[in-house]
Amino acid sequence: LLGKIIKSKFMKAFLGMGLLGSNFVKALLKKGDSLRVWNRTASRAKELEVFGAKSFATAAEAVKGAEIIHLTLNDDASVDDVLGQARPGLSAGAIIVDHTTTSKEGAISRTKYWKENGFIYQHAPVFMGPANALESTGSMLVSGDQSIIEKIKPELTKMTGELVNLGAEVGKAAAIKLIGNSFLVCFTTCIGDTLTLAKALGVSSDDVAGLFSSWN
């Protein structure tokens, strides 16, 4: 199946049509892909039909016949719930690519569980906002079985500006994503505090930027 995927276009499904997921879908449709889509709020999936997607009422119907299934959901619980709904429609050997920010433990356990049940689960979280998804910019992280990553690399590379391969450790991509999120939250908070102090001291944001520009 993996060899087949590299050689030709294949049927794909996308579950989770929030801002990130819907823009991923729009970008892939522009690239000529055919996509089956589903969302718990059905209208969000239905709206994408004008762009060429085909929406379905249930996750199981959406993944029926799909060789690769992308997920953009909220957390571990939502991933497990949606995959549980989709399972009756999954084809043997289907590849699940999960872009959701989840725990490291969740990524590890799902990789093991789905492999034991005849499917492939590949976690691929992103440092991408909705605009990045539409423009295929930003970063996507992967780790785990390198043979799987290598063979789905063409599919993932066209979705992002940079595909970051973190090696063979299952769950490492999830860990790095969480660490990165922590840094971004702290950085944003610190910048906010810095500008608040500058304002209180009568210093302009341009002067603050000048200070930053003098640092490495």
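Taking segment 50-71, which residues are touching a helix residue (DSSP H, G or I) at 6+ places or on another chain (Cβ under 9 Å) and either among the β-branched types (Val, Ile, Thr) or in contact (Cβ under 8 Å) with a residue 40 or more places away in the chain (or both)?
From segment 50-71, those touching a helix residue (DSSP H, G or I) at 6+ places or on another chain (Cβ under 9 Å) are 51-71; that's our starting set.
Hits for segment 50-71 are Thr58, Ala59, Ala62, Val63, Gly65, Ala66, Glu67, Ile68, Ile69, His70, Leu71.
Is it true that some residue in segment 55-77 is under 25 Å from Ala174 (Cα atoms), among the hydrophobic types (A, V, I, L, M, F, W, C) and open to solvent by 40 Å² or more (accessible area, probe 1.4 Å)?
yes
It is to be established whether one or more residues within segment 35-55 are at negative phi and touching an Asp or Glu at 6+ places or on another chain (Cβ under 6 Å).
The answer is yes; a qualifying residue exists.
For segment 19-47, give me each residue that is part of a helix (DSSP H, G or I), open to solvent by less than 10 Å² (accessible area, probe 1.4 Å) and under 22 Å from Asp80 (Cα atoms).
Gly21, Phe24, Val25, Ala45
For the condition over 26 Å from Pro130 (Cβ atoms), open to solvent by less than 60 Å² (accessible area, probe 1.4 Å) and in contact with an Asp or Glu (Cβ under 9 Å, 6 or more places away or on another chain), what is the one hit in Ala198, Ala209?
The unique qualifying residue is Ala198.
For segment 78-92, name all the residues that are among the hydrophobic types (A, V, I, L, M, F, W, C) and either surrounded by 18 or more Cβ atoms within 10 Å (Cβ to Cβ) or at pLDDT 95 or above (or both).
Listed by number, the residues that qualify are Val79, Val82, Leu83, Ala86, Leu90.
Would segment 175-185 turn up any residue that is farther than 16 Å from Met128 by Cα and either modelled with pLDDT under 95 or open to solvent by 70 Å² or more (accessible area, probe 1.4 Å) (or both)?
Among the residues of segment 175-185, not one is farther than 16 Å from Met128 by Cα and either modelled with pLDDT under 95 or open to solvent by 70 Å² or more (accessible area, probe 1.4 Å) (or both), which makes the answer no.
State yes or no: is Ser139 within 13 Å of the chain's Cα centre (by Cα), at negative phi, modelled with pLDDT of 95 or more and surrounded by fewer than 23 Cβ atoms within 10 Å (Cβ to Cβ)?
For Ser139, the condition - within 13 Å of the chain's Cα centre (by Cα), at negative phi, modelled with pLDDT of 95 or more and surrounded by fewer than 23 Cβ atoms within 10 Å (Cβ to Cβ) - is met.
Working only within segment 189-216, note down all residues that are not polar (S, T, N, Q) and not in a helix (DSSP H, G or I).
Here is the first cut: in segment 189-216, the ones not polar (S, T, N, Q) are 190-193, 195, 197-203, 206-212, 215.
Across segment 189-216, the qualifying residues are Leu201, Gly202, Val203, Trp215.
Taking segment 72-94, which residues are over 13 Å from Ala62 (Cβ atoms) and charged (D, E, K, R)?
Asp75, Asp76, Asp80, Asp81
Being within 17 Å of the chain's Cα centre (by Cα), of a type outside the set (Val, Ile, Thr), open to solvent by 60 Å² or more (accessible area, probe 1.4 Å) and on the phi < 0 side of the Ramachandran plot, is that true of even one residue in segment 98-106?
Our first condition is that a residue be within 17 Å of the chain's Cα centre (by Cα); within segment 98-106, this holds for 98-104, 106.
Still in the running and of a type outside the set (Val, Ile, Thr): 98-99, 103-104, 106.
Within this subset, residues satisfying the condition of being open to solvent by 60 Å² or more (accessible area, probe 1.4 Å) are 104.
With the extra rule that they be on the phi < 0 side of the Ramachandran plot, the set shrinks to 104.
Looking through segment 98-106, at least one residue is within 17 Å of the chain's Cα centre (by Cα), of a type outside the set (Val, Ile, Thr), open to solvent by 60 Å² or more (accessible area, probe 1.4 Å) and on the phi < 0 side of the Ramachandran plot.
Note down all Cβ pairs under 6 Å where the first residue falls in segment 140-160 and is more than 26 Å from Leu29 (Cβ to Cβ), the second is open to solvent by 60 Å² or more (accessible area, probe 1.4 Å), and they're at least six residues apart or on different chains.
What qualifies is Ser143/Glu169; Ser143/Lys172; Gln146/Ala168.
Checking Phe119 against (1) modelled with pLDDT of 95 or more; (2) open to solvent by 30 Å² or more (accessible area, probe 1.4 Å): exactly one of these is not met. Which one?
Only one criterion in (1) modelled with pLDDT of 95 or more; (2) open to solvent by 30 Å² or more (accessible area, probe 1.4 Å) is unmet by Phe119, namely (2).
Whether any residue in segment 151-171 is at pLDDT 95 or above, hydroxyl-bearing (Ser, Thr, Tyr) and surrounded by 13 or more Cβ atoms within 10 Å (Cβ to Cβ) is what I want to check.
Yes, segment 151-171 contains at least one residue that is at pLDDT 95 or above, hydroxyl-bearing (Ser, Thr, Tyr) and surrounded by 13 or more Cβ atoms within 10 Å (Cβ to Cβ).
The values are calculated or read from the model by the stated rules, or taken from the named source; none is laboratory data. Every value quoted in this text rests on a predicted model; they were computed, and no experiment measured them. All Cβ positions, even for glycine, are placed from backbone atoms using ideal geometry, and neighbour counts span all protein chains on display. These accessible areas exclude ligands, DNA and RNA; they are computed on the full protein's heavy atoms, side chains included. Shrake-Rupley method; radii C 1.70, N 1.55, O 1.52, S 1.80 Å.
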